[in-house]
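Laboratory data are not the source of any read-out in this text; all were calculated from the coordinates shown. In this text, all values refer to a predicted model and were calculated from it rather than measured experimentally. Every residue, glycine among them, receives a Cβ derived from its backbone with ideal geometry; neighbour counts consider all protein chains shown.
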Amino acid sequence: MPVPRMSPDSLIFVAGHRGLVGSALVRALHAAGFDNLILRTRQELDLTRQDAVERFFTQYRPQYVFVAAARVGGILANDTYPAEFLRDNLAIHTNVIDAAYRNGAHKLLYLGSSCVYPKHAPQPMSEDCLLTGPLEPTNEWYAIAKIAGLKMCQAYRRQYGFNAIAAMPTNLYGPGDNFNLAGSHVLPALLRKVHEAKLSDAAQVEVWGTGTPKREFLHVDDLAAACLFLMQRHDDSSLINIGCGRDQTIAELAQTIARVVGFEGALRFDSSKPDGTPRKLLDTTRLTALGWKPQIDLENGLRTTYDWFLQHVAPQPGANLPRVHYG
Ligand code: GFB
């Protein structure tokens, strides 16, 4: 039977549309002419509540579903709130995947994370290294929830024939990111810290850890483009990594951010803070072979993200931002 393709008339549910990823998906969908979107804030629809999710799907029966809702955060938030990261993420994807299947969705795209792969996986990490070794302890709770989500996609495809696909993005950044220092990932945290150091003429900026771990960063608009591409072209149980194929040390990232922001002081590394995984570079051979590649290089992406920060976050210094962030 031919697989129905998303068309301008299709009813599309983006779960988590206010987060970094979800808001980028909404921008990309509109730009591509998909305007029949159904969106709900967390106040309107709590995705951790099974009865509420079931009611929503029964009433609206969305045809295509992007699961971009998750409890997410950087290394400190992951380490501090293990129960919340495990519980909320298991609940969100279980409720959404099951309700989508039982209410006749044509297709669902689930987003995992590069932290599903083992801490010491060979680099770059191919999709085949899943479950071949122990996870990084600082984020194992989140990783286990994400592994359960991608396995749920595979199980629903195998037992029920549900067209659920799973993509594993690398570390993401861009407009709409969480700049709260207690909950954020490294890139928005350093943008904010370096900006504030510049404003206050500080001599140095504190960078957590040793600065030696390596990370790959993908602009969220590239991620959204890849998700639309996969929604239209990928229909099997194999995981697909989404990355840009290049990584750098945290020290190099901090230097690039200092250049973009125009900060000339020093970087001070606080090695009492955790480094996390030594390296997390995704092998994107599978995605490249399908014909997709990213468009936004890190320096340009940092410049536009810094502009967004200046317009939306910097004007309210000390704003009471959420402790951890729902994507
Ligand atoms: O982005 P991040 O919090 O998470 O940290 P992960 C990456 C690296 O940056 C670590 C260092 O080595 C941090 O020690 N770092 C330096 C900082 N300065 C800072 C800072 O001010 N804030 C933060 N947050 N880090 C996350 C996982 O891992 O990656 C999530 O915890 C998820 O579950 C996400 O998978 C993609 O890259 O280590």
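Of the helices (runs of 4 or more DSSP H) contained entirely in region 1-94, those carrying at least 2 residues that are over 30 Å from residue 208 (Cβ atoms) fall at 20-31, 50-60. With the structure loaded, tell me whether residue 182 is touching a residue at least 60 places away in the same chain (Cβ under 8 Å), under 16 Å from residue 238 (Cβ atoms) and of a type outside the set (D, E, K, R) or whether it fails that test. Criteria not met by residue 182. Note on region 78-91: among residues that are over 15 Å from the mean Cα position of the chain (by Cα) and buried (at least 19 other Cβ atoms within 10 Å of the Cβ), the one that is farthest from the ligand (Cβ to nearest atom) is 88. Of the residues in region 191-206, at least one is farther than 29 Å from residue 69 by Cβ, among the small types (Gly, Ala, Ser) and surrounded by 15 or more Cβ atoms within 10 Å (Cβ to Cβ). The combined condition, being assigned to a strand (DSSP E or B) and surrounded by fewer than 22 Cβ atoms within 10 Å (Cβ to Cβ), is not fulfilled by residue 229. Out of the residues in region 58-67 meeting the condition of being surrounded by fewer than 23 Cβ atoms within 10 Å (Cβ to Cβ) and in contact (Cβ under 8 Å) with a residue 24 or more places away in the chain, tell me which one is nearest to residue 106 (Cα to Cα). For region 58-67, the residue satisfying everything is 63. Filtering region 95-123 to residues that are surrounded by 19 or more Cβ atoms within 10 Å (Cβ to Cβ), assigned to a loop (DSSP other than H, G, I, E, B) and out of contact with any Cys (no Cβ under 6 Å at 6 or more places or on another chain) leaves 105, 112, 113, 119.
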